[in-house]
1. Of everything in the stretch 270-287, what is under 9 Å from residue 101 (Cβ atoms) and open to solvent by less than 50 Å² (accessible area, probe 1.4 Å)? Give them in sequence order.
2. Could you tell me whether residue 216 is assigned to a strand (DSSP E or B) and buried (at least 20 other Cβ atoms within 10 Å of the Cβ)?
3. Is it true that residue 261 is more than 27 Å from residue 139 (Cα to Cα), of a type outside the set (Val, Ile, Thr), open to solvent by 40 Å² or more (accessible area, probe 1.4 Å) and free of Cβ contacts under 8 Å to residues at least 60 places away in the same chain?
4. Every residue in the stretch 226-281 that is aliphatic (A, V, I, L, M) and outside any loop (DSSP other than H, G, I, E, B), please.
5. Against the condition among the charged types (D, E, K, R), closer than 27 Å to residue 103 by Cα and out of contact with any Lys or Arg (no Cβ under 8 Å at 6 or more places or on another chain), how does residue 249 come out, does it pass?
6. Being of a type outside the set (D, E, K, R) and surrounded by 16 or more Cβ atoms within 10 Å (Cβ to Cβ) is the filter here; which residues of the stretch 288-300 pass it?
7. Considering only helices (runs of 4 or more DSSP H) fully contained in the stretch 85-191, which possess at least 3 residues that are open to solvent by 50 Å² or more (accessible area, probe 1.4 Å)?
Amino acid sequence: MLQQIKAFFTRYRTPLIAFGCVAVGLLIAAAVMGMRAARGYWSNLGNSSESQTAETLEAVVILTEPPTTEAPTTEPPTTEPPTTEPPTEPPAECKIEDVPYYSQHGLLPTGCELVSAKMLLEYYTKTEVDIQDIIDRMDCQYPTTIDGKDCAPHPSEAFIGSPWDPTAFGCFSPIICDMMNDLLPKNWMAVDTTGTPIAELAETYIPQGRPVLIWATISMVQSFPHMGWYLTDTKGQPTDEWYDWLANEHCLVLIGYDEEYYYFNDPYAYGTGTRYSRELVETRCEEMDRYSAVVIPRPEGEQVETYVAPRETTEPEATEPEATEPEATEESS
């Protein structure tokens, strides 16, 4: 058997060697190709992981960068002044509780303007103000007849009639401001706010603790033309300008408001805090041309003499007709 196998290999040795070489070559080639394939796989795997790592890093950078760019958005709130806006919003309701009250009944029958001014004067002076001191600083004039004309000054320039007389008329805010500036402490001054809507006056001054003189009507009833006269010029002579006095004219002190009512120290009433509906009050104020006045702090450097009542500038006219001399001496007393 062994001899047969040996004879077989001896006979086919050359082909077998050649076959073996071919087989070995094929194995070597297969191994080389496998190694190349493996190298390519690991190479691709490495590249893909690197690209994924790069993408991850980019994503991290993108996610972490916005906070640095959004940081400036925190600056605008420091430059905006939202905290200054709320204080400018007036409260829905407000009332001043410590304004002195006086009724004109038994005091001055037609002097509602003077009694109301007395309330404001005592609110700011913190002392009692004699009603006679107020009257002494008012230019009170009855209508007279000149050249067949019934004439008198405008109620902004004088009190028409006498506050002691139940048949007298009254006056408006400019002359009341002149009188009050003679009696107020020097760090305060009365200013004429005529023309300002009462809603604006209320929301501006009441929250500041500043009551307001308001011209409306007695008990907020309807006004109507009552009497009239020709207005006089600066020399007391009649002009061709006619003036109608409205009946039921009234002055009172605004001390508070809410969404439905205005609250007053009404000298025609008998106590503080008289209320009237906002709509009704606004209508009556319109009828009276929105006459009003308020007391405010006097600006530094303002000369007190600027606000002295005009009556003092007219004293030289005491040399005019004798009829005017008694009035001039009464005012100076």
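1. Once the filter is applied, which keeps residues that are under 9 Å from residue 101 (Cβ atoms) and open to solvent by less than 50 Å² (accessible area, probe 1.4 Å), the stretch 270-287 yields 271, 273.
2. Numbers: assigned to a strand (DSSP E or B): yes; buried (at least 20 other Cβ atoms within 10 Å of the Cβ): yes.
It is true that residue 216 is assigned to a strand (DSSP E or B) and buried (at least 20 other Cβ atoms within 10 Å of the Cβ).
3. Details: more than 27 Å from residue 139 (Cα to Cα): yes; of a type outside the set (Val, Ile, Thr): yes; open to solvent by 40 Å² or more (accessible area, probe 1.4 Å): yes; free of Cβ contacts under 8 Å to residues at least 60 places away in the same chain: yes.
Yes; evaluated as a whole, the condition is true for this residue.
4. So the first thing to find is which residues in the stretch 226-281 are aliphatic (A, V, I, L, M), and the list is 227, 231, 246-247, 252-255, 269, 280-281.
Within the stretch 226-281, 227, 231, 246, 247, 252, 253, 254, 255, 280, 281 qualify.
5. Details: among the charged types (D, E, K, R): yes; closer than 27 Å to residue 103 by Cα: yes; out of contact with any Lys or Arg (no Cβ under 8 Å at 6 or more places or on another chain): yes.
Taking the combined requirement at face value, the residue satisfies it.
6. Of all residues in the stretch 288-300, those of a type outside the set (D, E, K, R) come to 288, 291-297, 299.
Within the stretch 288-300, 288, 291, 292, 293, 294, 295 qualify.
7. On the way: elements: 112-125, 131-136, 173-183.
Here the list is empty.
The values are calculated or read from the model by the stated rules, or taken from the named source; none is laboratory data. All figures in this text were calculated on a predicted structure; none of them were measured in a lab. Neighbour counts are summed over all protein chains in view; Cβ atoms, including those assigned to glycine, are modelled from backbone coordinates with ideal geometry. Note: areas computed on protein heavy atoms with side chains; ligands, DNA, RNA excluded. Shrake-Rupley method; radii C 1.70, N 1.55, O 1.52, S 1.80 Å.
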